[in-house]
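First comes the structure, then the notes that go with it.
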Amino acid sequence: MKAPVSILLLVLSLFCSAFTAAQNVSINVLTLNSGYVNIGGTVFVQITIANTSTITSVPSYKLRPQLSVPVSIVSIPATGHVLPAGWSIITNASGVIRVSNGTDQIPPSTSRDILIAIQGNTIGGPQTVSGNLLFSNGVAPGSASGPATAGDVPGDNSSSSTVQVYNPIPVNLTEFNAALFNCHPVLTWKTETELNSDRFEIEYAKSLNSIWQLAGTITAKGNSNSKTDYTFTDKNSYTDNERLFYRLKMIDKDGMFDYSEIKTITKNCKTAYVYTYPNPVKNNILNVIVNGAGENAMSTFLSVSGQVIFKSPLKNGSNLLKLPGILNGIYILKIADEAGFEKHLKVIVEN
C-alpha cells in the first residue's frame, strides 16, 4: 500500500508544481485625454502589460506586444514614446508599432505601462486602436516569434480603445485669469475673434489628478471680429484654504472643443474691516482705515472703466492717500492682500 501512496503524492506534487508555475500575461490599451487629439497634436496610448503570476517572473525578450492605429486619421511618429527600462522598439511602420520587454524580467504580480505617442492627421473618428500581446522566443532582440508562456490565457491577449481627431475651435483666446473676489473664485477671459463658437464650460478640479467637474456655463458670442470680455463667478461651496484648479472648455456649434491653460486659486475667506472718509473726497485727501488685512495689502484707485490711476501700499490702522489731480466723479478703491481678501469701495471725488 506504500508504493501507490508514494506515486499518488508524486503525481499531486507535479500537478501542484505545474499549476503554481503557470504564467499568464495580459494586455490593456487606453487612449489618454478621453481619446481626443487635435490635428497636428499628439496623444499617448497607454499599454499596460501585467504579469498575473504570483511566483514566476516573465523571461527576458519573451514579450513583443504591438499596437495598431487607424492610419486614415492618425500616425505613429518615430520618437516621443515612453518605454519602461529595458524595453525597446522592434518595428514601427504603416501604423503598427511593436516593442520588446528586452531585459526587463517583469516580477510576479507586477505590471508595466508603455506610452505610445500617436499624431492626429485628419479629422475623423472615433476609430479603433488595437493592442495585441504576442510572444517571442526569449532571444535578443526579441523580434522572432515564439510560444506563449505556460498557462497563458488567450482571452486577455488583446485590448482596444478609440481615437478621435478634431480641429481646435477657431476661438482666439488672448487672456484667462482667476482671482478671489468677495470670497468667491472669479474667472475672467478675453477673446480676440470667434467663429461659430457656442459656449464656454468652466471646469474645476481639486487636484490635477482628480476628475474635472462643471462649475458653470457661459454662452459664447458666436461670431465676432472684435475683443469680447467674459466673467464667471463660481458660487459653489468650498473648504477654506482649499486649492482649486480651473480651465475653460471652449466648444463650437459643431461640438468640437479645446481647453485653455489651467489657473489656480486658493480659497481664503479671511475678512478685514475697511473704512474710508471723507466720501465725497475733498482736496484730494482720502483716509483709509484698515483692520485685519494680511501682509502686503495694497490699495488700487481705479476709474469706473477699470483704468488704474494709482496704487499705494496699506498698513493695518490709519492710512492717508493723496489723490493725484483727477476730475470730479465716481471712482473705485480696491483693497487686497496676499491672503485673498479683496474689497471694492465706491469713492466720489468732489474737489
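Bear in mind these aren't lab numbers, they're just calculated from the coordinates by the rules spelled out. For clarity, every value in this text was computed on a predicted model and none was experimentally measured. Glycine gets a Cβ as well: all are built from the backbone with ideal geometry, and neighbour counts include every protein chain shown.
For the residue pairs K221/K263; K206/K346; K227/K263; K253/K334; K190/K253; K322/K343, alpha carbon separations beyond 29 Å are given by K206/K346; K253/K334. Counting only DSSP beta bridges with both residues in the chain, the antiparallel share comes to about 95 percent. Can you tell which of V37, T217, I89 lies farthest toward the positive end of the dipole of the chain, using +1 and -1 charges on the Cβ of basic and acidic side chains (Lys, Arg; Asp, Glu)? Checking the options against the dipole of the chain, the answer is T217. For the charge dipole of region 273-349, defined by +1 on Lys and Arg C-beta atoms and -1 on Asp and Glu C-beta atoms about the Cα centroid, which residue among T276, H344, A297 has the Cα displaced farthest towards the positive pole? In region 273-349, that residue is T276. Not counting the cut sites, what is the longest span of the chain without GluC sites (Glu not before Pro) that DSSP labels loop and that have at most 12 other Cβ atoms within 10 Å? My reading of the result: 1-241 is the longest stretch.
With a sphere of radius 15 Å drawn around the Cβ of S210, what net charge do the other residues whose Cβ falls strictly inside it have (Lys, Arg +1; Asp, Glu -1)? Residues near S210 contribute +1 overall. In percent, rounded to a whole number, the relative contact order of region 216-339 is 19, using alpha-carbon pairs under 8 Å and six or more apart.
Size descriptors for region 273-349: radius of gyration and Dmax over Cα atoms are 11.6, 33 Å. The angle separating the long axis of helix 2-21 from the principal Cα axis of greatest extent in the chain is about 40 degrees. Could you tell me which of T231, N316, H184 has its Cα farthest along the dipole of the chain towards the positive end, charges placed at Cβ (Lys, Arg +1; Asp, Glu -1), taken about the Cα centre? The residue sitting most towards the positive pole is N316. Rounded to the nearest 20 debye, the dipole magnitude of region 24-166 is 160 debye, with +1 charges on Lys and Arg beta carbons, -1 on Asp and Glu beta carbons, and the Cα centre as origin. In loop segments of region 154-249 as defined by DSSP, the trypsin sites (Lys or Arg not before Pro) with at most 12 further C-beta atoms inside 10 Å of their C-beta are K227, K235. A Cβ-based charge dipole, computed about the Cα centre of region 273-349 with Lys and Arg at +1 and Asp and Glu at -1, lands at about 300 debye.
If both residues of a DSSP beta bridge must be in region 273-349, then about 95% of such bridges are antiparallel.
Normalised radius of gyration (Cα atoms, divided by 2.2 N^0.38 Å) for the chain: 1.55. How large is the helix-only mean residue ellipticity at 222 nm for the chain, computed as the sum of -39500 (n - 2.57) over DSSP H runs with n ≥ 4, divided by its residue count, in deg cm²/dmol to the nearest 500? Helix-only estimate at 222 nm: -2000 deg cm²/dmol. Averaging 1/r over every pair of different alpha carbons in region 42-83 and inverting the result gives a Kirkwood radius of 13.3 Å. Dipole check for the chain: with +1 at the C-beta of Lys and Arg, -1 at the C-beta of Asp and Glu, and the Cα centre as origin, the magnitude is about 520 Debye. Distant-in-sequence amide contacts of L134, defined by a placed amide H-H separation under 5 Å and a gap of 5 or more residues or a different chain, comprise R64, Q66.
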